[in-house]
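The values are calculated or read from the model by the stated rules, or taken from the named source; none is laboratory data. Everything numeric here is computed off the predicted structure, so don't read it as measured data. All Cβ positions, even for glycine, are placed from backbone atoms using ideal geometry, and neighbour counts span all protein chains on display. Areas reflect the complete protein model, heavy atoms only, side chains present, ligands, DNA and RNA absent. Shrake-Rupley method; radii C 1.70, N 1.55, O 1.52, S 1.80 Å.
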Amino acid sequence: MKNLIVIDNPLIKRDITYLRDEETKQYQFRLAVNRIAYILAAEVSKNFELIETPVKTPLETTIGYKIEKGVVLVPILRAGLSLVEAFLEMIPYAKVGHIGLRRDEKTFQPIDYYYKAPNNLGAYTVIILDPMLATGGSASVAAEFLKGKGAKEIIMANLIAAPEGVSHMEHDHPDIKIYTAQLDRGLNENAYIVPGLGDAGDRTFGTI
Ligand code: PRP
Ligand code: URA
């Protein structure tokens, strides 16, 4: 799993425990997702290149920095929306595209229902946001869409990944780095991540 970066952080381990716990209330679930998303954003941003720019303090002029490339965040609807707020706080100038995908309950294949993103994706660092990387079908289709629209530099950020999903992505998109807060054991017979946290969309939006 050469493209996978699992973030090692005690706050993440505590918050993943809240997310796993079936007793965790919806508002606590969303708060924990948000906290992890800040750390994910900080880790993903290590890929950003800087350019030097002079900055005048009250005392003298010194060297400052700007992020060279623009950023487009692309949450995969619905559950990916839960990561957007924290990423936007950390990267306020980012644009946001959306990809609507839902998994067919029997075949587990992703079905697309929405796409909207800025033109000229090749000029941006594109960050796909989705809390769950299970079979990897949704992430792979999303990356394919974005490459079809010109994206050249894509990074993926998620909360929990299964080895199957990581392998799927590495096979289809060896150029994409995957940042995750947790690598879990695998998938069950319904292609849910185990031990996992259940259905991320339902737990985020209270549609259980
Ligand atoms: C979930 C999740 C991912 C996908 C992961 O979405 O948010 O998009 O499943 O599964 P995969 O790796 O096997 O493709 P879901 O289809 O449940 O839709 P939702 O976000 O609208 O609940
Ligand atoms: N989608 C989810 O929300 N959870 C899983 O475990 C797998 C796919």
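In the range 136-151, the residue that is nearest to ligand 1 (Cβ to nearest atom) out of those that are in a loop (DSSP other than H, G, I, E, B) and crowded, with 21+ Cβ neighbours inside 10 Å is 136.
Is there a residue in the range 160-173 that is touching a helix residue (DSSP H, G or I) at 6+ places or on another chain (Cβ under 6 Å) and in a loop (DSSP other than H, G, I, E, B)? Yes; the residues of the range 160-173 include at least one that is touching a helix residue (DSSP H, G or I) at 6+ places or on another chain (Cβ under 6 Å) and in a loop (DSSP other than H, G, I, E, B). When the range 152-201 is examined, which residues are found to be more than 15 Å from ligand 2 (Cβ to nearest atom), open to solvent by 10 Å² or more (accessible area, probe 1.4 Å) and without any contact (Cβ under 8 Å) to a residue 40 or more places away in the chain? Of everything in the range 152-201, those that are more than 15 Å from ligand 2 (Cβ to nearest atom), open to solvent by 10 Å² or more (accessible area, probe 1.4 Å) and without any contact (Cβ under 8 Å) to a residue 40 or more places away in the chain turn out to be 152, 171, 172, 175.
Looking at this structure, is residue 22 surrounded by fewer than 18 Cβ atoms within 10 Å (Cβ to Cβ) and without any contact (Cβ under 8 Å) to a residue 24 or more places away in the chain? Answer is no for this residue. Does residue 119 meet the test of being within 14 Å of ligand 2 (Cβ to nearest atom), open to solvent by 40 Å² or more (accessible area, probe 1.4 Å) and not hydrophobic (A, V, I, L, M, F, W, C)? Judged against the criteria, residue 119 is not a match. When 60, 43 are screened for being more than 19 Å from residue 182 (Cβ to Cβ) and not aromatic (Phe, Trp, Tyr), only 60 passes. Under the condition of being without any contact (Cβ under 8 Å) to a residue 60 or more places away in the chain, in contact with an Asp or Glu (Cβ under 6 Å, 6 or more places away or on another chain) and β-branched (Val, Ile, Thr), the residues counted in the range 75-93 number 0.
Here is a yes/no grid of residues against (1) touching a residue at least 12 places away in the same chain (Cβ under 8 Å); (2) over 21 Å from residue 119 (Cα atoms):
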{"site": "16", "(1), (2)": "yes, yes"}
{"site": "42", "(1), (2)": "yes, yes"}
{"site": "61", "(1), (2)": "no, yes"}
{"site": "73", "(1), (2)": "yes, no"}
